[in-house]
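Below is one structure, written out as structure tokens; the observations come after it.
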Amino acid sequence: MSAKLPVFDIQTLRQNPGGSAARHAAETLRDICHHQGFCYLVGHGLDIAARRVFNVADQFFALPSPDRRSIDIANTPHFRGYTILGTERTKGAQDWRDQLDFADDQSAPTLGPNDPAWLNLRGPNQWPEALPAMKPVIDDWLLQMHEIGLMMIRALSRGLGLGASYFDPYFDPQGDARLKLIRYRVPEHGGTDQGVGWHHDTGFLTFIIQDEIGGLQVDIDGQIIDATPMKGAMIMNLGEMLQMATDGYLRATPHRVKSPPPGRERKSMAYFFNPRLECEFKPIDLPNELARDAPGGQNTDPNDPVFSVVGENILKTRLRAHPDVARRHYS
């Protein structure tokens, strides 16, 4: 029998986060994030809200190309907007997906000569004029997913023996979360099955909801596991900043998506629950029984270092993934 990702029910965390059952659940979650770094989450209660997001995403992807391209991600340095099919890269190879990036709406920063470039990750979203119904749906989803993210990071923190509120200051007054609405597709002529190539996520926690078309794969210690769609479940995985913060006790697991064959599409949404860009993480003093199983916070690939500052670590992959934005705004 092929290996499967573990399933974690968050009902206990939602109903009584301070109780003894929640403490046991937090330890279970910690073990999952130590050994696999990927799991299904059930009991989240967001099925109806997720359908609204998928519906508005379908409406966007059905818009004429000029309407979609009017909010091209390369319009601004903030990495928000529409990514045209085939223009994104993972490790230099084309990813066959188009997508729409959002985050919390913010004013564009005015950078001084000594300010880090990653501050430009903040800024206003680009909203399609042809689809005014999109903004309230996305804003609502960002709020709801923020609550899920807080609940899960507090449970993990408790499971690590740090106390539930340990990471709260890193999200005060708010973190720098992001959302992607993604359509994987391969053109009839040309292209490959690389929807997105093997990679680690760069932040804290990622939450994925996918349609019924499979393709997400996870590499756990050299074993490739299909993250087969599960009705009513979202997928959670860890990013490099949690790996860095726990000296590798919690793992950012490599994963990829294989695009469906030409003529078919796969839709998903990914919410990246990240701390403030300014936050810097060094290994936390974990309890001895956990610390002895922490192999170090760096990735095994020396060409893919993990930076300790959140903004720097996120910007490294955005520049590699979006050479059009890099050329126009960061060269």
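In this structure, is ASN114 part of a loop (DSSP other than H, G, I, E, B) and not charged (D, E, K, R)? Answer is yes for this residue. Only one of PRO229, PRO262 is outside any strand (DSSP E or B) and farther than 20 Å from ALA3 by Cβ. Can you tell me which? Answer to the selection: PRO262. Condition check for ILE138 on (1) surrounded by fewer than 17 Cβ atoms within 10 Å (Cβ to Cβ); (2) of a type in the set (Val, Ile, Thr); (3) part of a helix (DSSP H, G or I): one failure, at (1). When only residues in segment 8-20 that are loosely packed, with under 13 Cβ neighbours inside 10 Å and outside any loop (DSSP other than H, G, I, E, B) count, which is nearest to the chain's Cα centre (by Cα)? Among those that are loosely packed, with under 13 Cβ neighbours inside 10 Å and outside any loop (DSSP other than H, G, I, E, B), it is GLN15. Under the condition of being outside any loop (DSSP other than H, G, I, E, B) and either of a type in the set (A, V, I, L, M) or in contact (Cβ under 8 Å) with a residue 40 or more places away in the chain (or both), the residues counted in segment 300-328 number 18.
When you check ILE73 against the structure, is it aliphatic (A, V, I, L, M) and touching an Asp or Glu at 6+ places or on another chain (Cβ under 7 Å), yes or no? Yes, satisfied.
When LEU238, LEU319, LEU290, LEU286 are checked against the criterion of being among the hydrophobic types (A, V, I, L, M, F, W, C), in contact with a strand residue (DSSP E or B) (Cβ under 9 Å, 6 or more places away or on another chain) and either surrounded by 17 or more Cβ atoms within 10 Å (Cβ to Cβ) or at pLDDT 95 or above (or both), LEU238 stands alone in meeting it. Selection of segment 94-138 for residues being closer than 29 Å to GLY43 by Cα and either free of Cβ contacts under 8 Å to residues at least 12 places away in the same chain or basic (Lys, Arg) (or both) yields LYS135, PRO136. Is it fair to say GLY248 is within 17 Å of CYS33 (Cα to Cα), modelled with pLDDT of 95 or more and of a type in the set (Gly, Ala, Ser)? For GLY248, the condition - within 17 Å of CYS33 (Cα to Cα), modelled with pLDDT of 95 or more and of a type in the set (Gly, Ala, Ser) - is met. Of the residues making up segment 50-84, those that are in a loop (DSSP other than H, G, I, E, B) and farther than 30 Å from GLY232 by Cβ number 8.
The values are calculated or read from the model by the stated rules, or taken from the named source; none is laboratory data. Note that the structure is predicted; figures quoted are calculated from it, not measured. Glycine gets a Cβ as well: all are built from the backbone with ideal geometry, and neighbour counts include every protein chain shown.
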